[in-house]
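Every number here is computed from the coordinates shown, using simple stated rules; none is lab data. The structure displayed is predicted, hence computed values, not measured ones. Heads up, the Cβs are rebuilt from the backbone with ideal geometry, glycines too, and the neighbour counts pull from every protein chain shown.
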Amino acid sequence: MAKEIILYNLADNVTDEQYKDFVTTEKGPLLESLSSAKKFELVKITGAATGDIPYKYVGILDLNSLDEFREKDAPSQKFQDFLAKWMPMVKNAHILSGEEIY
């Protein structure tokens, strides 16, 4: 299964509570409505074995097809509108993609 994994922190002006509300009312439902998406999960990191937490949030988007996501859903107006709203809410974002092997 294809996955897109997003590592990031919140922008200084965004609280955890504000972001949780945004995710539950807008981000999650939008991502799960994409034809290429199977499921979206957001993990708030609260600890690390090393003690250092470089990213407070990890988003995991399970996809039917990474190609379909990139060719159809990512360029769509609704996804671009979402990005325009989401990008100012976060900082230090790293977007990774890959295939599940187990």
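See the values below:
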quantity: For segment 2-99, convex hull of alpha carbons as volume per residue, Å³; calculated: 100 Å³
quantity: Contour minus Cα-Cα distance for MET87 and THR24 (0.36 nm per residue); calculated: 21.0 nm
quantity: Segment 47-102 - Rg and Dmax from Cα coordinates, angstrom; calculated: 14.3, 41
quantity: Distance between modelled label sites at GLU41 and SER76, nm, 7 Å Cα→Cβ extension; calculated: 2.3 nm
quantity: GLU99-ILE53 pseudo-label distance in nm [points 7 Å out on the Cα-to-Cβ vector]; calculated: 3.4 nm
quantity: Sorted by Cβ neighbour density within 10 Å, fewest at the top, the residues GLU17, GLU68; calculated: GLU17, GLU68
quantity: For the chain, size of Cβ-based charge dipole, Lys and Arg +1, Asp and Glu -1, in debye; calculated: 120 debye
quantity: Relative contact order (%) - the chain, alpha-carbon pairs under 8 angstrom, separation at least six; calculated: 49 percent
quantity: Exposure proxy ranking, count of Cβ atoms within 10 Å, fewest first, for MET89, MET1; calculated: MET1, MET89
